[in-house]
Amino acid sequence: AQKVTQAQTEISVVEKEDVTLDCVYETRDTTYYLFWYKQPPSGELVFLIRRNSFDEQNEISGRYSWNFQKSTSSFNFTITASQVVDSAVYFCALSELDPRNTPLVFGKGTRLSVIA
Amino acid sequence: GAGVSQSPSNKVTEKGKDVELRCDPISGHTALYWYRQSLGQGLEFLIYFQGNSAPDKSGLPSDRFSAERTGGSVSTLTIQRTQQEDSAVYLCASSLGAGLTDTQYFGPGTRLTVL
């Protein structure tokens, strides 16, 4: 069965610290996609990244980086030099090739608070 | 371009009343999804449409919930005889297609409060 686990429910850091948000997933499919979404206080989910199961290259975008490791079924997200504007709830999600499965399964989210 | 829009942004209703929530997807997006976000429950998939048909209704929590999409665009989620446990934020998303490679883009949500 599909499952996404974000073990950290809340994290609090001081501005400029680095922070890593963990995501572990379960799937029986060999073809799948993993996503990260950001939900700021305004409430709208913002797409950050999509990664397919065949591409284990790490991704860096500005202060954001993602570490995908199939061996541990993890897709962790690191924010470098965090800023107050990074404060939000971050969701990891999984989408599988099998059309019988739920289109997008989310973890319960990690609430990140960046303190000035 | 315009993103996914939802209306109303907030809805307060009394237990037992029916409510309709509306979603306008991004123009040209053929797939449309409804999710529910309850406190402490994360994001729960409800239903999705490919065009006007709904291949997957498995997430609807009860027969009080229904959804339709006409003209391949706007969708309405209807909750009949609302209960207090229906209180949540209802999120709509759309994607270009319903394939694996199609990223879902979300609207701002409708916050439903059932008194």
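With +1 on each Lys and Arg Cβ and -1 on each Asp and Glu Cβ, how big is the dipole of the protein assembly as shown about its Cα centre, in debye rounded to the nearest 20?
380 debye
I'd like to check one number: the per residue accessible area of the stretch B:1-101, probe 1.4 Å, reported in Å² as a whole number.
Solvent-accessible surface per residue comes out at 47 Å².
Whenever you get a sec, line up A:Arg63, A:Arg111 from highest to lowest accessible area (probe 1.4 Å, protein heavy atoms).
A:Arg111, A:Arg63
Can you tell me what the convex hull of the Cα atoms of the protein assembly as shown projects to on average, as an area in nm²?
Details: hull surface 50.6 nm².
Average projection, Cα convex hull of the protein assembly as shown: 12.6 nm².
Binned at 10 Å from 0, what are the whole-percent values of the Cα-Cα distance distribution for chain B, short to long?
It works out to 15, 50, 29, 5, 0, in whole percents.
Compute the normalised compactness of chain A: alpha-carbon radius of gyration over 2.2 N^0.38 Å, N being the residue count.
Output field value: 1.04.
Using modelled backbone amide H atoms (1.01 Å from N, in-plane), which distant-in-sequence or interchain residues come within less than 5 Å of A:Val46's amide H?
HN-HN under 5 Å from A:Val46: A:Lys38, A:Gln39.
Check cross-link reach from B:Lys17 to the lysines: straight Cα distance under 26 Å, and skip same-chain residues fewer than eight apart.
Qualifying lysines at Cα under 26 Å: B:Lys57.
Ignoring ligands, DNA and RNA, what percent of the accessible area of chain B is carbon or sulfur (1.4 Å)?
C and S atoms contribute 46 percent here.
Contact order normalised by length for chain A, with contacts defined as Cα pairs under 8 Å and 6 or more residues apart; what percent is it?
38 percent
About the Cα centre of chain A, how large is the charge dipole given +1 on each Lys and Arg Cβ and -1 on each Asp and Glu Cβ? Please answer in debye to the nearest 20.
180 debye
With Cβ to Cβ distances under 13 Å as the rule, what net charge do the other residues near A:Ile11 carry (K, R +1; D, E -1)?
-4
Straight-line reach only, C-alpha to C-alpha below 17 angstrom: list the lysines that A:Lys3 could link to, leaving out same-chain residues fewer than 8 apart.
Those lysines meeting the cut-off are A:Lys70, A:Lys108.
When the solvent-accessible surface of protein heavy atoms is calculated with a 1.4 angstrom probe, in what order do A:Ile115, A:Ile49 fall, highest first?
A:Ile115, A:Ile49
Can you give me the solvent accessible area of A:Thr72 with a 1.4 Å probe, rounded to the nearest 10 Å²?
Ignoring ligands and nucleic acids, A:Thr72 comes out at about 80 Å².
Excluding A:Arg111 itself, calculate the net charge of residues whose Cβ lies under 14 Å from the Cβ of A:Arg111, where each Lys or Arg counts +1 and each Asp or Glu counts -1.
On the way: positive: A:Lys38, A:Lys108; negative: A:Glu10, A:Asp22, A:Asp86.
That sum, taken over residues with Cβ under 14 Å, equals -1.
Let me check I have the definition right: for the stretch A:14-58, take the eigenvalues of the Cα gyration tensor, multiply each by 5, take square roots. What are those semi-axes in whole Å, largest first?
Square roots of five times the eigenvalues give 25, 15, 10 Å.
So, R0 is 35 Å and r is the distance between the beta-carbons of A:Lys70 and B:Glu14; what FRET efficiency does that work out to, to 0.05? Present the calculation step by step, with values, prior to reporting the outcome.
Working: r = 50 Å, r/R0 = 1.43.
After rounding, the FRET efficiency stands at 0.10.
Treating the beta-carbon of each Lys and Arg as +1 and of each Asp and Glu as -1, no other charges, what is the dipole magnitude of the stretch A:1-68 about its Cα centre, to the nearest 20 debye?
180 debye
Among DSSP beta bridges whose residues both lie in chain A, state the antiparallel percentage, nearest 5.
Looking only at bridges with both residues in chain A, the antiparallel portion is about 90 percent.
Report the relative contact order of the stretch B:19-115, percent, no decimals, based on alpha-carbon pairs under 8 angstrom and at least 6 residues apart.
Reported relative contact order: 32 percent.
The values are calculated or read from the model by the stated rules, or taken from the named source; none is laboratory data. Everything numeric in this text was worked out from a predicted model, so none of it was measured. As a convention, Cβ positions derive from the backbone with ideal geometry for all residues, glycine included, and neighbour counts pool all protein chains shown. What goes into the accessible areas is simple: the full protein's heavy atoms, side chains included, and nothing from ligands, DNA or RNA. Shrake-Rupley method; radii C 1.70, N 1.55, O 1.52, S 1.80 Å.
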